[in-house]
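Colleague: I am attaching a structure below and will ask some questions about it afterwards.
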């Protein structure tokens, strides 16, 4: 209802300054927003979310750099466990026609949003559909096989419509949402039967309001057992807790946190922690219900605004800070690449933050084996280079440029198409790019010594360069190691310049050793045969006046290799 509240004069403030609610919550860590959609709403109070309204709000979400979740109610008004009313215009359709209408309507909605540049990232097929949807045709009452078959057909029709209209280059995830956040038995009953009907969904959505769904421990148990049973990502897709009105709210069950601004913040922090603790990393996130519900003239808002994340004057409440702790896990949006071989590996990701922008580098490796004939073929067995992407929210990534592009390296560069493990580090006000190249001179000014997986770390005021790599065969003289690349720049986007000051030494499998009291660092030297593969160098270094890394050479101390 954000747009309607704004139209009625509602305004939102953070630290006393007016601002866009989406931007305020985005800054505090919220990276996904959920919009409901009614078929033909009457426009009264909160029943306003028709397609044009939803399209306009979706544009604002995408402009804020957040993910967009679409909650399709398949009703003209609220759909929930007590109400799943069929749209008036669909009332006289027989079941086959209704099934087709669900698919066609969903496809039309998704196509419309895609044309406006706002395809949803997650689509809910129905809202809190524990008792079914589109009553009476899709109603569920116990284990009636015919009811489950009809319900499953309607859900599949919605999924089919959503997927058919989603652009091919956009990743869509389907959510099935029920209301039983604290009820494992009903959750199991429901999804066991849904799975028996081969409904293809990606995410399980649960509502959790403590006064309806029980104590937090019940939610924890349900999250744990649901993740272990089904292996699906789970979102607590609706939740809320009051910050005022203790006289009335305290009479309800399971109000285990103070009914105050701080109590609301503690509830949300505990909920985020419970979701984060879901086994297997399947706790995908938490979405707060109706955070914008501030009182405005001429509009009824849920609970009179007592469960909003803003006070009656539109000022942020302490609970918005709890959203920060959710940022690393509330939404995952992997980057996918498909090369000519169909066996791509996206490897060695590294993210660095500079200002309000995140920068991501990684290796793209169309792997086809390590035989000699493929090593120099960029389409068969090699890496085309190292790409740099940027993002404001860790969700939407924009390609910036190639940091290393194998096709632009000198033709006489041996095995120039194989390099990996890129990392960017900020040292002495400059950004350093380091990576490994397999037996390849990657064009930077190093002395062709060997290094693998380099990693700088500041210890006791010194910058230490950690790295590892195989040794040279002493009998044949054949190089069994890796070249290194290193460069520096004023920003992650470059341009990158050679770093001529680095020194590299032999390395082995990565390990870290310390001397007495943890003060001294030394090298682990392995025996010279293939089973031990060399030694690790931990090389203390300083940053020179020009910002370049200067090394002081390896320690003379050693330790025997493990047998």
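The values are calculated or read from the model by the stated rules, or taken from the named source; none is laboratory data. All values derive from a computational prediction rather than experimental measurement. With ideal geometry, Cβ positions are generated from the backbone for all residues, glycine too; neighbour counts draw on all protein chains shown.
Colleague: Can you name every residue in segment 141-168 that is under 22 Å from residue 36 (Cα atoms) and surrounded by fewer than 15 Cβ atoms within 10 Å (Cβ to Cβ)?
Modeller: Those that are under 22 Å from residue 36 (Cα atoms) and surrounded by fewer than 15 Cβ atoms within 10 Å (Cβ to Cβ): 164, 167.
Colleague: Among residues belonging to segment 169-181 that are in contact with a helix residue (DSSP H, G or I) (Cβ under 6 Å, 6 or more places away or on another chain) and assigned to a loop (DSSP other than H, G, I, E, B), point out the one that is surrounded by the most Cβ atoms within 10 Å (Cβ to Cβ).
Modeller: That would be 181.
Colleague: Related question: Do you know which residues across segment 216-239 are more than 21 Å from the chain's Cα centre (by Cα) and surrounded by fewer than 24 Cβ atoms within 10 Å (Cβ to Cβ)? It would help to see each step written out before you state the result.
Modeller: Of the residues in segment 216-239, the ones more than 21 Å from the chain's Cα centre (by Cα) are 216-222, 225, 229.
Hits for segment 216-239 are 216, 217, 218, 220, 221, 225, 229.
Colleague: Which condition from (1) modelled with pLDDT under 95; (2) in contact with a helix residue (DSSP H, G or I) (Cβ under 7 Å, 6 or more places away or on another chain); (3) surrounded by fewer than 21 Cβ atoms within 10 Å (Cβ to Cβ) is the one that residue 22 breaks?
Modeller: (1)
Colleague: Might you let me know whether segment 72-80 holds any residue that is modelled with pLDDT of 95 or more and over 27 Å from residue 135 (Cβ atoms)?
Modeller: No, the conditions are met nowhere in segment 72-80.
Colleague: Next question, about the same structure. Considering each residue of segment 81-108, count those that are touching a strand residue (DSSP E or B) at 6+ places or on another chain (Cβ under 9 Å), surrounded by fewer than 23 Cβ atoms within 10 Å (Cβ to Cβ) and within 25 Å of residue 287 (Cβ to Cβ), and give that number.
Modeller: Summing the residues that are touching a strand residue (DSSP E or B) at 6+ places or on another chain (Cβ under 9 Å), surrounded by fewer than 23 Cβ atoms within 10 Å (Cβ to Cβ) and within 25 Å of residue 287 (Cβ to Cβ) in segment 81-108 gives 4.
Colleague: Just one of the numbered conditions (1) at pLDDT below 95; (2) under 26 Å from residue 33 (Cα atoms) is not true of residue 247; which one?
Modeller: With (1) at pLDDT below 95; (2) under 26 Å from residue 33 (Cα atoms) applied to residue 247, the lone miss is (2).
Colleague: Suppose we filter 225, 220 for residues that are more than 25 Å from residue 155 (Cα to Cα), in contact with a helix residue (DSSP H, G or I) (Cβ under 7 Å, 6 or more places away or on another chain) and part of a helix (DSSP H, G or I); which single one remains? It would help to see each step written out before you state the result.
Modeller: On the way: 225 fails: more than 25 Å from residue 155 (Cα to Cα).
Every option except 220 fails the conditions.
Colleague: Anything in segment 241-275 that is surrounded by 15 or more Cβ atoms within 10 Å (Cβ to Cβ), within 17 Å of residue 304 (Cβ to Cβ) and in contact (Cβ under 8 Å) with a residue 60 or more places away in the chain? List them, or say none.
Modeller: 241, 242, 243, 244
Colleague: Here's another thing I want to ask about it. Among the residues in segment 121-140, are any assigned by TED's automatic domain parsing to the domain that holds residue 94, farther than 15 Å from residue 79 by Cα and surrounded by fewer than 15 Cβ atoms within 10 Å (Cβ to Cβ)? Can you show your working first?
Modeller: Initially, segment 121-140 is screened for residues assigned by TED's automatic domain parsing to the domain that holds residue 94, giving 121-140.
From what is left, the residues that are farther than 15 Å from residue 79 by Cα are 121-123.
This time we only want the ones that are surrounded by fewer than 15 Cβ atoms within 10 Å (Cβ to Cβ), so: none.
No, segment 121-140 contains no residue that is assigned by TED's automatic domain parsing to the domain that holds residue 94, farther than 15 Å from residue 79 by Cα and surrounded by fewer than 15 Cβ atoms within 10 Å (Cβ to Cβ).
Colleague: Can you work out which of the residues in segment 58-79 that are surrounded by fewer than 18 Cβ atoms within 10 Å (Cβ to Cβ) and under 29 Å from the mean Cα position of the chain (by Cα) is nearest to residue 136 (Cα to Cα)?
Modeller: Step by step, filter segment 58-79, then rank; the result is 59.
Colleague: Oh, and also: Anything in segment 198-212 that is in contact with a strand residue (DSSP E or B) (Cβ under 9 Å, 6 or more places away or on another chain) and closer than 15 Å to residue 257 by Cβ? List them, or say none. Before you say what the answer is, go through the steps one by one.
Modeller: Going residue by residue through segment 198-212, those that are in contact with a strand residue (DSSP E or B) (Cβ under 9 Å, 6 or more places away or on another chain) are 199-210.
Within segment 198-212, 208, 209, 210 qualify.
Colleague: Answer with yes or no whether residue 194 is more than 21 Å from residue 82 (Cβ to Cβ), touching a strand residue (DSSP E or B) at 6+ places or on another chain (Cβ under 9 Å) and in the same structural domain as residue 264 (by TED's automatic domain parsing).
Modeller: Numbers: more than 21 Å from residue 82 (Cβ to Cβ): no; touching a strand residue (DSSP E or B) at 6+ places or on another chain (Cβ under 9 Å): yes; in the same structural domain as residue 264 (by TED's automatic domain parsing): yes.
Taking the combined requirement at face value, the residue does not satisfy it.
Colleague: Do the conditions hold for residue 148, that is, is it more than 25 Å from the chain's Cα centre (by Cα), closer than 24 Å to residue 276 by Cα and in contact (Cβ under 8 Å) with a residue 40 or more places away in the chain? Steps first, answer last, please.
Modeller: On the way: more than 25 Å from the chain's Cα centre (by Cα): yes; closer than 24 Å to residue 276 by Cα: no; in contact (Cβ under 8 Å) with a residue 40 or more places away in the chain: yes.
Considered against the rule, which asks whether it is more than 25 Å from the chain's Cα centre (by Cα), closer than 24 Å to residue 276 by Cα and in contact (Cβ under 8 Å) with a residue 40 or more places away in the chain, residue 148 comes out as no.
Residues are listed down the side, and each one gets a yes or a no for (1) closer than 16 Å to residue 126 by Cα; (2) surrounded by 18 or more Cβ atoms within 10 Å (Cβ to Cβ); (3) in the same structural domain as residue 147 (by TED's automatic domain parsing); (4) in contact (Cβ under 8 Å) with a residue 12 or more places away in the chain:
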| position | (1), (2), (3), (4) |
| --- | --- |
| 183 | no, yes, yes, yes |
| 199 | yes, yes, yes, yes |
| 205 | yes, yes, yes, yes |
| 211 | no, no, yes, yes |
